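Reviewing the structure listed below.
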Amino acid sequence: MNLLEVKNICKIYGNGETAVKALKDVSFSVPKGEYVAIVGESGSGKSTLLNMIGALDTPTSGKVLIDGKDIFCMNDKKLTVFRRRNIGFIFQAFNLVPELTVEQNIIFPVLLDYQKPDKKYLEELLAVLNLKERRNHLPSQLSGGQQQRVAIGRALITRPSLILADEPTGNLDSQNSSEVIALLKETSKKYEQTIIMITHNRSIAQTADRVLQVSDGALTDFGRCRE
């Protein structure tokens with residue numbers, strides 16, 4: 001069963017002769033539990049594509065279906081709730097709240113949804129992420145790798161079916177990059193989550209189940225990577 005279906009997505013910025021086609025009739029699907037890497041040069045359209053999948057931007061035409069639901073047919077309120085509960089975001093810049101502790105940053109999306117955190121699941125995440133001893137630390141007291149693990153925990157806490165990672169290792173050294181990617185793969189299998197990750201790093205892309213390339217707004221599917 002496909003968790004994600006992208007159908008004929010086009011995105012055009014501007015009008016007339018100054019119009020820029022950021023995405024050109026992009027279509028692909030991703031089965032539940034698959035880990036997909038999207039590669040491409042700066043300005044190729046890959047970040048625009050990720051923003052469409054995450055409903056952070058609206059396509060000029062086309063559809064995005066997550067778990068069979070057409071996200072752009074939802075009104076703003078319904079879409080906000082759906083995104084909060086079904087999509088986890090991991091960013092290159094971590095985007096942690098500096099005044100909140102590790103634990104508070106992780107549970108923040110749950111509190112935004114006016115829900116109570118699952119304490120057992122929180123403890124499990126802290127253990128998996130090797131953050132139990134850091135739970136009361138502020139982001140400024142953490143290394144880059146630790147901050148990114150907090151960001152992963154925040155993305156996982158709502159048990160979303162889809163994780164969108166935008167250059168999650170861009171601010172990390174090679175060792176921390178390898179650890180973060182290994183952790184993403186481990187958690188996706190453990191919690192049966194689908195991952196779509198943008199990366200400039202070809203070696204990191206090869207850790208994925210499948211690699212897609214965006215070039216000048218068009219998409220090429222390179223298929224499954226070798227085990």
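Every number in this text was worked out from the coordinates using simple rules, so none of it is lab data. Keep in mind it's a predicted model, so treat the numbers as computed, not measured. Because the Cβ atoms are built from the backbone with ideal geometry, glycine has one as well, and the counts that use them run over all protein chains shown.
Excluding residues fewer than 8 places away in the same chain, name every one of the aspartates and glutamates whose C-alpha is closer than 18 Å to that of Lys32. Qualifying aspartates and glutamates at Cα under 18 Å: Glu5, Asp67, Asp70, Glu186, Glu192, Asp209, Asp221. Karplus-based coupling profile of the stretch 25-33, in residue order and whole Hz: 6, 8, 9, 6, 9, 9, x, 4, x, with θ = phi - 60° in 6.51 cos²θ - 1.76 cosθ + 1.60 and x standing for Gly or Pro.
Going by neighbour counts of Cβ atoms within 10 Å, the residues Glu99, Glu17 line up, fewest first, as Glu17, Glu99.
Summing Lys and Arg as +1 and Asp and Glu as -1 over all other residues whose Cβ lies under 12 Å from the Cβ of Leu142 gives a net charge of +2. Cross-linked pairs Lys21/Lys189; Lys77/Lys185; Lys46/Lys116; Lys11/Lys69; Lys63/Lys190: Cα-Cα separations exceed 26 Å for Lys21/Lys189; Lys77/Lys185; Lys46/Lys116; Lys63/Lys190.
With contacts taken as Cα pairs under 8 Å and at least 6 residues apart, the stretch 49-98 reaches a relative contact order of 26 percent.
Normalising the average separation of contacting C-alpha pairs (under 8 angstrom, six or more residues apart) by the number of residues puts the relative contact order of the chain at 29 percent.
For the stretch 140-227, the relative contact order comes to 24 percent (Cα pairs under 8 Å, sequence separation of at least 6). Please work out whether the stretch 69-227 counts as rounded, prolate or oblate from its C-alpha gyration tensor, where a ≥ b ≥ c are the square roots of the eigenvalues and a/c under 1.5 means rounded, while otherwise a/b larger than b/c means prolate and anything else oblate? Verdict is oblate for the stretch 69-227. Per-residue Cβ neighbour counts within 10 Å put Leu184, Leu162, Leu56 in the sequence Leu56, Leu162, Leu184, beginning with the fewest. Listed by Cβ neighbour count within 10 Å, with the fewest neighbours leading, Phe108, Phe222, Phe94 appear as Phe222, Phe108, Phe94.
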